[in-house]
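As structure tokens, the structure follows; a few thoughts come after it.
The values are calculated or read from the model by the stated rules, or taken from the named source; none is laboratory data. All of these numbers come straight from a predicted model, not from anything done at the bench. All Cβ positions, even for glycine, are placed from backbone atoms using ideal geometry, and neighbour counts span all protein chains on display. In case anyone asks, the SASA skips ligands and DNA or RNA and just uses the protein heavy atoms, side chains included. Shrake-Rupley method; radii C 1.70, N 1.55, O 1.52, S 1.80 Å.
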Amino acid sequence: MIDQADWWRRAVIYQIYPRSFQDSDGDGIGDLRGIISRLDYVRDLGVDGIWLSPTFPSPMKDFGYDVADYCGVDPTFGTLDDMDALIEGCHARGLKLLLDWVPNHTSDQHPWFLDSRSSLDNPRRDWYFWRDPSPEGGLPNNWLSNFGGPAWTLDEATPQYYLHSFLKEQPDLNWRNPDVEKAMHDVLRFWLDRGVDGFRMDVIGMILKHPELADNPPNPRWLEGMPEFLRYLPVNNRNFPGVIEKIRGLRSVLDEYPERMAVGEVYGTAEEVAQYYGADQLDGLHMTFNFNLIVDRSWRLVPWRASAIAQVVVESQATLPSGAQACWAIGNHDQPRFVNRHNEDGWGEERARAAALLVLALTGTPFLYYGDELGMLNGGIPEARLQDPARFRARGRDPERIPMPWDASSTRGFSTGEPWLPYGPAEINVADQDGDPSSLLNLNRRALAIRRGEASLNSGGFRPVAAKEDLYVFQRRLEGSASVLVLLNTSVEPASTHISIDYSKVLLASTMDAEARLTKALQRAARTRDGQVEVTIPGLAAAWLTTGEQGG
């Protein structure tokens, strides 16, 4: 149980997509009572907390990221009493609970927007962005929606355009209006008073816009085939100068409540992301996600290659303020499943095994996406059953959101009703992996248990040892604790390297075969004059070695 004020520095957080985790009432959609019934599984996995994707009342145009009431629970998921029971259930098991807060936009059905839309002189008109057509009669500026098309929709009744950075049903809030800022601070207090431990803040880098909503410049690197919204550089509607002052305001609210935290979804360069920590004062967000192990700045999937991974880590460490905590993810509800992203040659699961050891060994706080501990695959969903309205990818984001497979039955143990999305393959499920010592699920359990018990892994410093094209080696060390050496081979071929003879014990390897081979190699190793020993890492494997004693 983690109970210190900075618990998040040593924690591992597990993301649950509520619609897909467990259904308790047979309607085919996961809910809060279902999550409560599975909390023992989450605890026994070995994580320290849960990030819950949105459960607020919503028309579900973007499945909860279009909020119609920030201080409630959608009936699809249950009631406020159910949320209180979930908070209590998490805390009883030593788990923290983070809610997904959506500050950039509301639903077009939120009472604030209905008021704003009702007339030109409504007191809440300025809570959103309303603009006349351009002098030529067109759009107010050239901003594009992240979900495709212009970021402006004409409201015939007034008639003015309103801004929406995502769907037209998701109008952007005007954070330059102090009444908006106050109302949103009060939302945070509402949930903090109920006992939540913090927030994942959705697209927090977009809440402040250019005061004159100036056009964005063309992106000179844009090419056909890249997402349309990257056609222009979002310099005037993302990471806009001054946003950190809004972030500091949010931090001041969190600081009213002991042991609470916020992690932000921020996209941009490493330098842009770093500013959200609040520079040397660290008075901004506690953490921001680093997505560069998933996608690069052009939204292209990052290759599973040691040199690319090492470069991401170097850039992160070079730009974070002193004392700031990195935050890593290799999967979430917006990106294809890890195994699918790295399965071009059929070795996706092997890479997923190595990735689990990598992300749990990096300096920072890892976030794990539900089902990735099983090696879940994207769902094969017929066109008629696709539901995601945001088709900025050909098939949207439904494939990575399919129901959690608890067993191999026809219902996967998820629901007695027709599931909201089709199930994945029956052979990937909790029940079967639970009893298999070599399964990916049990690898994750072992890794999480070791990480919690090894101070160097959860709190130690970082030192790079080797970074070749296909081999990445780094050390985690905390004074007074056993040192841990992390080895990652991203090639399908074995890779050899020299390490200190002090690393005499294998803590864990990504496969049982690799663990056995490395253990035998270390047992046979002879001390050399320079205190080095050559070890060979099997293809696509990762391993944690330790000195087995303090120091090293």
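Here are the numbers:
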{"item": "Only listed residue being touching a Lys or Arg at 6+ places or on another chain (Cβ under 9 Å) and either open to solvent by 50 Å² or more (accessible area, probe 1.4 Å) or not in a loop (DSSP other than H, G, I, E, B) (or both), chosen from L230, L213, L250, L208", "result": "L230"}
{"item": "Matching entry among D202, D197 (being touching a residue at least 60 places away in the same chain (Cβ under 8 Å), more than 23 Å from S322 (Cα to Cα) and touching an Asp or Glu at 6+ places or on another chain (Cβ under 6 Å))", "result": "D202"}
{"item": "In region 72-106, the residues that are in a loop (DSSP other than H, G, I, E, B) and of a type in the set (A, V, I, L, M, F, W, C)", "result": "V73, F77, L95, V102"}
{"item": "Failed item, numbered, when Y257 is tested on (1) part of a loop (DSSP other than H, G, I, E, B); (2) out of contact with any Asp or Glu (no Cβ under 9 Å at 6 or more places or on another chain); (3) open to solvent by 20 Å² or more (accessible area, probe 1.4 Å)", "result": "(2)"}
{"item": "Those residues of region 90-131 which are surrounded by 20 or more Cβ atoms within 10 Å (Cβ to Cβ) and farther than 23 Å from K209 by Cα, in sequence order", "result": "C90, L95, K96, L97, L98, L99"}
{"item": "Options L173, L163, L154: the member that is open to solvent by 10 Å² or more (accessible area, probe 1.4 Å) and modelled with pLDDT of 95 or more", "result": "L154"}
{"item": "Residues of region 294-307 that turn out to be modelled with pLDDT of 95 or more and either surrounded by fewer than 21 Cβ atoms within 10 Å (Cβ to Cβ) or aromatic (F, W, Y) (or both), as a count", "result": "3"}
{"item": "Residue match in region 257-266 (condition: within 30 Å of A92 (Cβ to Cβ), touching a Cys at 6+ places or on another chain (Cβ under 6 Å) and modelled with pLDDT of 95 or more)", "result": "yes"}
{"item": "Close pairs from region 347-367: first under 24 Å from M261 (Cα atoms) and in a loop (DSSP other than H, G, I, E, B), partner open to solvent by 10 Å² or more (accessible area, probe 1.4 Å) and polar (S, T, N, Q), Cβ under 7 Å, at least 6 apart", "result": "G364/Q325"}
{"item": "Every residue from region 267-280 that is at pLDDT 95 or above and either over 20 Å from G205 (Cβ atoms) or out of contact with any helix residue (DSSP H, G or I) (no Cβ under 7 Å at 6 or more places or on another chain) (or both)", "result": "Y277"}
{"item": "Filter result (closer than 24 Å to R9 by Cα and either of a type in the set (K, R) or assigned to a loop (DSSP other than H, G, I, E, B) (or both)) within region 368-384", "result": "Y370, G371"}
{"item": "Scope region 368-386; condition open to solvent by 30 Å² or more (accessible area, probe 1.4 Å) and touching a residue at least 40 places away in the same chain (Cβ under 8 Å); matching residues", "result": "D372, L377, N378, G380, P382"}
{"item": "Subset of region 449-475 that is outside any helix (DSSP H, G or I) and β-branched (V, I, T) - its residue that is farthest from A318 (Cα to Cα)", "result": "V473"}
{"item": "Residue match in region 19-38 (condition: within 20 Å of R401 (Cβ to Cβ), of a type in the set (V, I, T) and not in a loop (DSSP other than H, G, I, E, B))", "result": "yes"}
{"item": "Every residue from region 57-75 that is crowded, with 19+ Cβ neighbours inside 10 Å and closer than 13 Å to P111 by Cβ", "result": "P57, V67, A68, Y70"}
{"item": "Some residue of region 152-163 being under 23 Å from D69 (Cα atoms) and in contact (Cβ under 8 Å) with a residue 40 or more places away in the chain", "result": "yes"}
{"item": "Enumeration of residues in region 476-496 that are part of a strand (DSSP E or B), over 12 Å from L357 (Cβ atoms) and touching an Asp or Glu at 6+ places or on another chain (Cβ under 7 Å)", "result": "A482, A495, S496"}
{"item": "Extreme residue, most open to solvent (accessible area, probe 1.4 Å), among residues of region 176-195 that are part of a helix (DSSP H, G or I) and closer than 30 Å to P217 by Cα", "result": "P178"}
{"item": "Count of residues meeting criterion [open to solvent by less than 20 Å² (accessible area, probe 1.4 Å), farther than 30 Å from A384 by Cβ and not in a loop (DSSP other than H, G, I, E, B)] in region 420-448", "result": "6"}
{"item": "Where G264 falls short, out of the listed (1) in contact with a strand residue (DSSP E or B) (Cβ under 8 Å, 6 or more places away or on another chain); (2) open to solvent by 60 Å² or more (accessible area, probe 1.4 Å); (3) touching a residue at least 60 places away in the same chain (Cβ under 8 Å)", "result": "(2)"}
{"item": "Members of region 503-523 found to be in a loop (DSSP other than H, G, I, E, B) and either of a type in the set (V, I, T) or surrounded by fewer than 20 Cβ atoms within 10 Å (Cβ to Cβ) (or both), listed by number", "result": "S504, T511"}
{"item": "Evaluation of Q387 against (1) assigned to a loop (DSSP other than H, G, I, E, B); (2) at pLDDT 95 or above (one fails), failing number", "result": "(2)"}
{"item": "Selected residue (criterion: nearest to K61 (Cα to Cα)) from residues of region 389-419 that are among the polar types (S, T, N, Q) and surrounded by 15 or more Cβ atoms within 10 Å (Cβ to Cβ)", "result": "S415"}
{"item": "Which listed residue, of A526, A495, is open to solvent by 50 Å² or more (accessible area, probe 1.4 Å) and small (G, A, S)", "result": "A526"}
{"item": "Positions within region 1-50 being among the aliphatic types (A, V, I, L, M), free of Cβ contacts under 8 Å to residues at least 60 places away in the same chain and open to solvent by 10 Å² or more (accessible area, probe 1.4 Å), in sequence order", "result": "I36"}
